[in-house]
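**Student:** Got a structure for you, questions after.
The values are calculated or read from the model by the stated rules, or taken from the named source; none is laboratory data. All of these numbers come straight from a predicted model, not from anything done at the bench. Cβ atoms come from the backbone with ideal geometry, glycine included; neighbour counts cover every protein chain shown. The protein model used for the area step is the full one, side chains on, heavy atoms only, and it has no ligands, DNA or RNA in it. Shrake-Rupley method; radii C 1.70, N 1.55, O 1.52, S 1.80 Å.
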Amino acid sequence: MHLTEKQLKIITEVASQNAIKAYREDIVKRQQEKRNQRHQNTVLLLNNYRGFVAHCEQIKTELIEFESRSIQDLNLEEINLESIESIKRSRTKTLAMVMFIKSKVMAYKNSCSDDEIIKYRILEKKYIMPKKMTDKQIIESESIDRSTFYRHLNKATKEIGVLFFGVEILDLTKL
């Protein structure tokens, strides 16, 4: 079977259009996955905030204990300069993350109007306050129903995600 020049041109055009469409769909899919990952990272940071704070508080205690020891008390086979530097880097990053999250949470609080402050209170009670509250306790303390709680929490985590990651977390196609 032999194809004419016209048939080949039509086939090429259709194939090109399909390839372009598939490429665009793939780009949109990847951008959505990236936004979803950033939202998950926002929730992950918030979920671990109390642990980060506890870790930073423990650093102070350990530094005091470490400074009170003499060099003879240290087991040099277990501790080497590389491991100490690695621990210091890890703890510095954790402290920086705590300060970052704390500053973004305060910025979020300051950006909330009187009507929106409930979203901040829910976020604070869920992730930030030193004593963790259950969803049920938060729902009761705010006198809201369960669906309102989750709607406000979801909206608050998305809004604070913008403060964490900037414009990259937004779906600009919906503007």
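**Student:** Yes or no: I101 more than 20 Å from the chain's Cα centre (by Cα), part of a helix (DSSP H, G or I), buried (at least 17 other Cβ atoms within 10 Å of the Cβ) and of a type in the set (A, V, I, L, M, F, W, C)?
**Tutor:** For I101, the condition - more than 20 Å from the chain's Cα centre (by Cα), part of a helix (DSSP H, G or I), buried (at least 17 other Cβ atoms within 10 Å of the Cβ) and of a type in the set (A, V, I, L, M, F, W, C) - is not met.
**Student:** Just give me the residues in the range 129-140 being open to solvent by less than 70 Å² (accessible area, probe 1.4 Å) and more than 23 Å from the chain's Cα centre (by Cα), in sequence order.
**Tutor:** I139, the sole residue that qualifies.
**Student:** Of all residues in the range 141-175, how many are surrounded by fewer than 12 Cβ atoms within 10 Å (Cβ to Cβ) and either closer than 14 Å to N47 by Cα or at pLDDT 95 or above (or both)?
**Tutor:** Adding up the residues that qualify gives 4.
**Student:** Can you tell me which of H39, H55 is in contact with a Ser or Thr (Cβ under 8 Å, 6 or more places away or on another chain), over 29 Å from K88 (Cβ atoms) and in contact (Cβ under 8 Å) with a residue 12 or more places away in the chain?
**Tutor:** H39
**Student:** Continuing with this model, one more query. Need pairs with beta-carbon distance below 6 Å; first residue more than 14 Å from N48 (Cα to Cα) and basic (K, R) and within the range 79-102, second modelled with pLDDT under 75 and surrounded by 13 or more Cβ atoms within 10 Å (Cβ to Cβ); sequence gap 6+ or separate chains.
**Tutor:** R91/I59
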